[in-house]
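The values are calculated or read from the model by the stated rules, or taken from the named source; none is laboratory data. Remember, it's a predicted structure, so these values are computed and weren't measured experimentally. A quick note on method: Cβ atoms are made from the backbone with ideal geometry, for glycine too, and the neighbour counts reach across all protein chains shown. Surface areas here come from the heavy atoms of the whole protein model, side chains and all, with no ligands, DNA or RNA. Shrake-Rupley method; radii C 1.70, N 1.55, O 1.52, S 1.80 Å.
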Amino acid sequence: MVAFSLRISARPSRLAEIIALAIFAALTVAVASAASVRGIVVDVSGAKVTGATVALLQNGNVVGSAVSAADGSFQILTGTSGRFYLVVSAKSFRQLQTPGFYAGRLDSIEHNMVLEPEWVRQSIVVTATGTPTPQSQTGAAISVIGPSDLDLRTSIVSDLRLMPGTSVQQSGERGAETSLFIRGGDSDDNEILVDGIKATDLGGRFDFGILPTTAVESAEVYRGPNSGLYGADAESGVINLSTPRGTTSFPSFFLRGDAGNFSTHHEDATIAGAHNKLDYLGAYDWLQTGNSLPNDEFHLGSAAGNFGWQPSGSTQIRGTAHYNVSATGVPNSWDFYHVADNATQKDQDLYVSASIDNQTTASFHNLVRYGATRKREQYALWQPSGQFVTDYDGFGDNAYLGNTVTIKGANDTSATGQAVLDYDEQYPYTYQLVSDRDQLVYQGDYTVTPHLQALVGFHFEDERGSEVIPTFGTNDSTERTNYDYLASVHGDFKSRFFYTLGGSLEHYSLFGVETTPRAGFSLYALRPRSGIFSGTRVLFNYGDAVREPALTDQFGSLYQFFTTNGLQADAQQLHITPLAAPTARTYEGGVEQTFLSEHILFRASYFHNQFGKQLEYVDKYLIPDLLRNLTPAQQQQLGDTLASYPDAFSFAVNTQAYKAQGIESVLEGGIGRRIFLRGGYTWLQAQVQRSFDSDNEALTGGYAPTYNGIPIGAIGPLIGARPFRRPPHTGFATGTYAAGKISAIINAAFASRADDSTYLEYADATGGNSLLLPNRNLDYGFAKIDVGGSWDFLSWLGVYAIAENLTSNQHIAPIGYVSLPFNVRAGMRLQWGKRTSR
């Protein structure tokens with residue numbers, strides 16, 4: 001001790017140096033073994049947020065925190081490894097919680113945070129640019145269906161009606177085939193993604209009626225062409241569904257069950273959690289209902305899983321799977337027969353995604369994803385229904401007729417009679433359609449500067465499809481090999497002008513090579529601020545897109561039929577060509593304005609779409625009349641050939657063109673912290689510019705159907721008319737309330753009348769056209785109102801209920817089909833842990 005004290009007194013400066021070095025070394029070791037979580041906090045316009053509190057949590061406990069600096073940056077060090085998440089809060093912004101992530105002791109994790117205004121809802125979206133981007137930094141029209149919207153639903157159908165620019169057509173009651181039309185485009189023109197993989201049939205067809213909400217966390221609804229990022233089929237829009245992840249450090253269990261009228265019951269179970277480098281989620285759901293019509297029972301079973309593993313903070317391996325099995329009765333268009341078909345449709349749909357996500361450097365990010373889609377559809381008409389009538393048309397044909405009905409159209413038009421329900425042929429009549437797809441995706445994005453990001457990618461698809469109709473001995477199959485290259489840039493200038501430029505070069509084995517450029521920008525004419533007029537943004541978009549013809553289009557090609565039967569000269573005379581890719585070109589401009597310090601947001605956009613080379617369907621009984629160079633005997637022979645032609649009742653040809661323009665508007669905002677209101681209106685003006693039926697009407701020898709002199713498009717719209725099932729006026733209004741353990745929601749969707757057809761050509765009791773009505777405004781207008789709510793009166797137990805179609809409107813579906821009347825479900829839910837998916 002004495003010697004030590006003497007040394008201190010003798011060389012005090014040297015001791016101070018040793019102590020300082022020791023402290024520095026200890027700190028260096030501590031920092032070197034600590035995980036670093038850093039990033040920048042900005043608002044939706046890209047402006048830096050100063051003074052935001054960023055907390056790092058592990059197992060629900062705060063293990064570190066920081067306050068964002070003047071440049072929005074923050075950094076948190078922690079000496080532990082494991083799973084973490086960040087919670088960010090700042091004045092006038094909604095609190096943000098990130099998904100869970102793994103960080104090792106030596107990892108450096110970067111999380112840039114985008115805070116949303118407290119009173120309006122804007123989200124981080126992916127479908128516009130291919131990388132997570134705030135909605136306000138894109139010119140694209142995107143709406144997000146979130147967990148609270150899906151909470152009480154068993155199907156996404158009703159929520160799609162609450163999107164601007166959309167028209168949803170469900171041909172019947174719960175489980176019936178459901179199509180989505182976006183901004184006047186066809187229902188086949190939409191790309192549907194599940195965790196980044198294509199989920200459509202070959203050619204873009206997708207049935208939303210059998211898509212459950214099981215393990216669906218959110219859905220982005222992109223309105224406009226985006227083939228530049230997603231290839232063919234993204235001609236009118238993109239729907240991007242995402243699966244939730246487990247987040248809790250312990251297994252969380254969720255059970256619920258409910259019942260309702262029409263013998264409806266519904267049960268689901270979910271388990272989710274995370275441990276160290278692994279997160280997991282598994283879910284199962286069962287829905288059964290009798291619906292309100294005969295032979296219309298429906299059940300849907302679905303299972304889903306999401307499993308992720310992070311070997312390091314920069315690499316993530318993830319796999320997801322959704323498997324849905326459904327069966328539904330198909331009573332047919334009840335209003336046309338008042339007799340139900342004895343038919344069923346069954347579907348088995350599997351969507352698998354496996355991906356490796358790597359942050360290679362601070363600026364370079366890579367993603368490789370494999371996707372598999374397996375879809376099976378079986379239709380069976382087990383036996384005929386209705387009244388059997390021999391020689392009903394005077395040509396020796398027999399058929400089964402429905403009851404005598406009166407079909408009402410618009411402007412006091414109506415038709416009374418019996419329609420052919422089933423034909424006299426071999427039963428059971430069965431039909432099977434198979435769509436298989438294996439997909440490989442590479443995407444790399446590089447941050448050139450904080451204001452410029454570049455993206456490149458490559459997509460490869462191997463598609464196989466088949467159509468089997470045993471009754472006619474049909475067994476058609478095809479294989480398509482497709483690939484495309486894409487590149488784009490996304491950036492900003494002084495966080496005021498945001499732009500996206502890009503496109504793709506696409507090679508499809510069915511129609512060859514196409515290019516699809518796209519461009520968009522968003523300009524803040526007035527940056528967000530306090531005041532009555534608190535932010536003004538100007539938007540513009542341009543895009544080209546293509547679509548792949550569907551399997552049934554390929555197998556039922558009019559050109560293929562002509563060439564198979566030695567009618568090449570007639571095909572040339574009628575300008576019939578091999579199937580090509582339907583095309584679309586869109587221009588869009590709009591403005592977004594916020595009011596009262598961003599408490600209210602209003603957005604309005606004008607769009608102009610030009611659709612070319614669209615597929616339309618020519619009735620096979622019309623073809624002999626088109627070929628005027630044939631003798632009567634040749635026409636009769638061709639007619640007999642067509643009557644027995646197994647692949648189609650009509651033939652596909654790229655002969656339709658039409659335009660669709662309109663205005664979308666949305667108004668949303670909050671009242672206090674508990675009430676959020678949102679509403680919108682869309683005006684659509686669409687007009688057919690070219691049509692095969694119209695162009696060749698003079699060749700039919702006067703057999704074109706009319707109603708008191710009014711021309712009728714029996715299976716497709718005529719020139720100058722509107723495309724079918726796209727109402728010119730649609731709107732919606734929603735309100736949500738959330739306060740602690742209680743939540744409530746009210747939704748209303750509206751639509752005006754739309755053009756359509758009864759499709760009963762040569763199908764009345766004498767084989768004539770008396771049951772065709774003028775196309776104009778043939779579909780009913782409707783209002784559909786739903787209310788629901790929940791109360792979690794204990795931490796582990798709650799009750800909920802939802803009532804749909806309060807006015808019991810049965811004319812929401814297209815003409816002829818009956819919609820589900822007022823229906824209600826109520827039940828209980830139990831939970832242990834934190835809810836992740838709803």
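Consider only pairs whose beta carbons are under 9 Å apart and that are at least six residues apart or on different chains; among these, list those whose first residue lies in segment 457-472 and is more than 27 Å from Thr430 (Cα to Cα) and whose second residue is open to solvent by less than 30 Å² (accessible area, probe 1.4 Å) and assigned to a helix (DSSP H, G or I). These pairs meet every condition: Gly457/Leu229.
Within segment 263-281, the residues that satisfy the criterion of being within 28 Å of the chain's Cα centre (by Cα), surrounded by fewer than 22 Cβ atoms within 10 Å (Cβ to Cβ) and more than 22 Å from Gly82 (Cβ to Cβ) are Thr264, His265, His266, Glu267, Ala269. Which residue is farthest from the chain's Cα centre (by Cα), if the candidates are limited to segment 337-354 and must be open to solvent by less than 20 Å² (accessible area, probe 1.4 Å) and of a type outside the set (A, V, I, L, M, F, W, C)? If we take residues in segment 337-354 being open to solvent by less than 20 Å² (accessible area, probe 1.4 Å) and of a type outside the set (A, V, I, L, M, F, W, C), then Tyr337 is farthest from the chain's Cα centre (by Cα).
Filtering segment 460-477 to residues that are within 26 Å of the chain's Cα centre (by Cα) and open to solvent by 20 Å² or more (accessible area, probe 1.4 Å) leaves Phe460, Asp462, Arg464, Ser466. Between Ser495, Ser504, Ser534, the distinction of being farther than 14 Å from Ala128 by Cα, of a type outside the set (A, V, I, L, M), part of a loop (DSSP other than H, G, I, E, B) and in contact (Cβ under 8 Å) with a residue 40 or more places away in the chain belongs to Ser495 only. None of Ser236, Ser218 is among the polar types (S, T, N, Q) and out of contact with any Asp or Glu (no Cβ under 6 Å at 6 or more places or on another chain) except Ser218. Considering only residues in segment 404-450 that are acidic (Asp, Glu) and assigned to a strand (DSSP E or B), the one that is nearest to Gly767 (Cα to Cα) turns out to be Asp422. Is it the case that Gly735 is open to solvent by less than 30 Å² (accessible area, probe 1.4 Å) and closer than 30 Å to Arg174 by Cβ? Yes, satisfied. Within segment 786-810, being assigned to a loop (DSSP other than H, G, I, E, B) and either among the small types (Gly, Ala, Ser) or crowded, with 19+ Cβ neighbours inside 10 Å (or both) holds for Ser795, Asn805, Ser808, Gln810. In segment 381-398, the residue that is farthest from Gln453 (Cα to Cα) out of those that are among the aromatic types (Phe, Trp, Tyr), open to solvent by 50 Å² or more (accessible area, probe 1.4 Å) and in contact with a strand residue (DSSP E or B) (Cβ under 6 Å, 6 or more places away or on another chain) is Phe388. Filtering segment 298-308 for residues that are in contact with a Gly (Cβ under 6 Å, 6 or more places away or on another chain) and open to solvent by 40 Å² or more (accessible area, probe 1.4 Å) leaves a non-empty set. Screening segment 399-423 for residues that are under 28 Å from Thr471 (Cβ atoms) and open to solvent by 50 Å² or more (accessible area, probe 1.4 Å) and picking the one that is farthest from the chain's Cα centre (by Cα) gives Asn403.
Within segment 574-624, being open to solvent by 20 Å² or more (accessible area, probe 1.4 Å), closer than 30 Å to Ser45 by Cβ and of a type in the set (Val, Ile, Thr) holds for Val591, Ile600.
Of the residues making up segment 739-763, those that are outside any loop (DSSP other than H, G, I, E, B) and either β-branched (Val, Ile, Thr) or without any contact (Cβ under 8 Å) to a residue 60 or more places away in the chain (or both) are Ile742, Ala744, Ile745, Ile746, Ala748, Phe750.
Given the criteria touching a residue at least 24 places away in the same chain (Cβ under 8 Å), buried (at least 22 other Cβ atoms within 10 Å of the Cβ) and basic (Lys, Arg), does Arg527 qualify? Considered against the rule, which asks whether it is touching a residue at least 24 places away in the same chain (Cβ under 8 Å), buried (at least 22 other Cβ atoms within 10 Å of the Cβ) and basic (Lys, Arg), Arg527 comes out as no. Determine if segment 363-380 includes at least one residue that is small (Gly, Ala, Ser), open to solvent by less than 70 Å² (accessible area, probe 1.4 Å), more than 22 Å from Trp309 (Cα to Cα) and touching a residue at least 60 places away in the same chain (Cβ under 8 Å). Yes: one or more hits.
Counting the residues of segment 511-534 that are at pLDDT below 90 and either touching a helix residue (DSSP H, G or I) at 6+ places or on another chain (Cβ under 7 Å) or of a type in the set (Ser, Thr, Tyr) (or both) gives 2.
Of all the criteria given as (1) more than 27 Å from Leu452 (Cα to Cα); (2) touching a residue at least 60 places away in the same chain (Cβ under 8 Å); (3) open to solvent by 20 Å² or more (accessible area, probe 1.4 Å); (4) in contact with a strand residue (DSSP E or B) (Cβ under 6 Å, 6 or more places away or on another chain), the one not satisfied by Ser92 is (4).
Using the structure shown, decide if Ile192 is modelled with pLDDT of 95 or more, in contact with a Gly (Cβ under 7 Å, 6 or more places away or on another chain) and either buried (at least 22 other Cβ atoms within 10 Å of the Cβ) or not charged (D, E, K, R) (or both).
no
Which condition does Gln418 not pass, out of (1) without any contact (Cβ under 8 Å) to a residue 12 or more places away in the chain; (2) under 30 Å from His338 (Cβ atoms), if it passes all the others? So the condition that Gln418 fails would be (1). Scan segment 134-157 and tell me whether some residue there is under 13 Å from Val37 (Cβ atoms) and either in contact with a helix residue (DSSP H, G or I) (Cβ under 8 Å, 6 or more places away or on another chain) or open to solvent by 40 Å² or more (accessible area, probe 1.4 Å) (or both). Scanning segment 134-157, I find no residue that is under 13 Å from Val37 (Cβ atoms) and either in contact with a helix residue (DSSP H, G or I) (Cβ under 8 Å, 6 or more places away or on another chain) or open to solvent by 40 Å² or more (accessible area, probe 1.4 Å) (or both), so the answer is no.
No other residue among Ser45, Ser5 is touching a helix residue (DSSP H, G or I) at 6+ places or on another chain (Cβ under 9 Å) and either modelled with pLDDT under 85 or open to solvent by 60 Å² or more (accessible area, probe 1.4 Å) (or both) apart from Ser45. Within segment 703-732, the set of residues being within 26 Å of the chain's Cα centre (by Cα), over 18 Å from Arg690 (Cβ atoms) and open to solvent by 30 Å² or more (accessible area, probe 1.4 Å) comprises Arg725, His729.
Considering the conditions (1) open to solvent by less than 60 Å² (accessible area, probe 1.4 Å); (2) over 30 Å from Asn190 (Cα atoms); (3) aliphatic (A, V, I, L, M), Ala70 is excluded by exactly one of them, (1). Being open to solvent by less than 90 Å² (accessible area, probe 1.4 Å), modelled with pLDDT of 80 or more and more than 30 Å from Leu452 (Cα to Cα) is the requirement here; does Thr78 meet it? So Thr78 passes the test. Here Arg480 fits the description: open to solvent by less than 20 Å² (accessible area, probe 1.4 Å), assigned to a strand (DSSP E or B) and either farther than 27 Å from Pro132 by Cβ or out of contact with any Gly (no Cβ under 9 Å at 6 or more places or on another chain) (or both).
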